[in-house]
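The values are calculated or read from the model by the stated rules, or taken from the named source; none is laboratory data. Note that this is a predicted model, so its numbers are computed, not measured. Note that each Cβ is placed from the backbone with ideal geometry, even for glycine, and that neighbours are counted across all protein chains shown. We work out accessible area using only protein heavy atoms, side chains counted, and drop any ligands, DNA or RNA first. Shrake-Rupley method; radii C 1.70, N 1.55, O 1.52, S 1.80 Å.
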Amino acid sequence: MLETILFAEFLGKAAWIWYAFIGAVIALLAFDLGVVNKQDHEIGVAESLKMSAFYIAIGLGFSGIIWMLYNNASPTASIDPQILSVVGEERAWTALQLYLTGFAVEKTLAMDNVFVISMVFTYLAIPRKYQHRVLFWGIIGVIVLRAIMIGVGAALVSQFSWVLYIFAVFLIGTGIMMFMKGDKEPDMADNKILLWLKKRMNVTPELHGNKFRVQLPDPKTGKLRYFATPLLLALMFVEIVDLVFAIDSVPAIFAITSDAYIVYTSNIFAILGLRALFFALAAMVHRFKYLKYALALTLVFIGSKIFMGDLFPGGKFPAEWSLGITMALIAGGVLFSLWKTRKVTSQAI
C-alpha cells in the first residue's frame, strides 16, 4: 500500500517526487511566517532584497534537482517530446534549460502583478506592516489554484496536442495587446474587480489591526455580525488578480514545456520569490516603466515558437535558443528601463 502511494506515477513523475516538492514549499512558508515574519512589521527595501535573493537562490538551485531527476531518467519520466527525444545528460540539460526558461518567464509575468497589487494597497490604504500578511495568505491560494490549472492544462496537452496551438495564438494576441497598451496605468477607483467585491461584501471603512474580518453591530438591526476589513478586500483582490494573470502565465509555460513537474515547480518558485521582492519592486516600480514592452515581446516570441517548431528537427524549437532569446528580451527590457529612468528620483509607495 505504502509503495503504491509513494511510487505511483502522476503526470510523468513518481508521487514521492511531488510530495517532496510540496513538503519543501510548506517548510519554506512555515519558516517565512513562523520565524522571519512572526511579528507584523514594515519590510524595508534592504530586507526585501535579502529575502528575494534567498528565494531566487533556492529557485535557481532547484535546477540542480531538475538535472538529477532527468539525468538517465526512464522514457516515461516526462510527457514533453523535447525531453523524451534525447537521453542521458542531454535529456538532463534539456530539462534544466526548459526549467530556467519557465522560471524566467514566470518571474517576469509575476512582476506585472506587483504593479497592480501595489496600486491596490495604496488605494485601500493598507499599511506596509500588514502587506506581507496579505501576500503570504495570498500565496497559499496561488499554490492551490496553479496546481489545479496546471493539472488540467497538462491533461489537455497530453490528450490533445493541438491545444498548444490555441495557447500560442492566445499568447501572440495577448502580447500584441500588451505592447499597444504600453505603460498605461489602470484607475483603481473604477476597477471592475474592486467594485464587484464591494457590492457583495460588507466592508468596514477602516482597518482593525491585522484582522481580515471583525464582529460589529449591524447599523440597521444593532445585532452583531461579521464584517470584512479592507485587509480581506485586498486579499480577495490579490487572489482574483492572480487568477486573471494565470490565464496568461499558464499557457505561456505550457508553450515552453508540457512537462507538468517543470511547469509547476518553475511557477511556484517564481511566485514565492516575487512575494519577497514585492516591497523592493513596489518602491522602484517607476524604474521599470518599459518592462511591459519586453514582456509583450516575450509572449509573442513564446507563442510564435510553437509554430516555428515545425521548421526544426523533431518539430521543436531548440531549448537553448528559447532560453537565450527569452533571457535577452527580459534583460534588455530591465536594462533599457533602468537606463531611460536613470534620472528619476527613487520614491516609495
- Assigning unit charges at the beta carbon (Lys, Arg +1; Asp, Glu -1) and nothing else, what dipole magnitude in debye, to the nearest 20, does the range 99-257 show about its Cα centre? 740 debye
- Message: I need the fraction of alpha carbon pairs in the range 212-296 separated by more than 16 Å, rounded to a whole percent.
- Response: 72 percent
- Note on the structure: Length gained, residue 29-residue 158, 0.36 nm per residue minus C-alpha separation, equals 43.3 nm
- Message: To make sure I understand the rule: partners must be lysines, Cα under 16 Å from the Cα of residue 343, and not fewer than 8 residues away in the same chain. Which ones qualify?
- Response: 289
- Arrange the residues 177, 327, 308 by how much accessible surface each exposes, largest first, with a 1.4 angstrom probe. 177, 327, 308
- Hey, what's the range 109-164 come to in accessible area per residue, 1.4 Å probe, Å²? 39 Å²
- Given the pairs 107/292; 181/340; 198/223; 199/223; 129/199, which span a C-alpha to C-alpha distance of over 24 angstrom in this model? 129/199
- Give me the distance in nm between label points sitting 7 Å out from Cα along the Cα-to-Cβ direction at residue 218 and residue 16, one decimal. 5.6 nm
- Message: 5 Å is the cut-off here: which amide hydrogens, built 1.01 Å from N in the peptide plane, fall below it relative to residue 225, excluding neighbours closer than 5 in sequence?
- Response: 216, 218
- Query: Over the range 138-254, one equal point on each Cα, no solvent: what is log10 I(q)/I(0) by the Debye formula at q = 0.09, 0.14 Å⁻¹?
  - Reply: -0.40, -0.79
- Query: By per-residue mean of other Cβ atoms within 10 Å, what is the highest-first order of 227-234, 168-175, 50-57?
  - Reply: 227-234, 168-175, 50-57
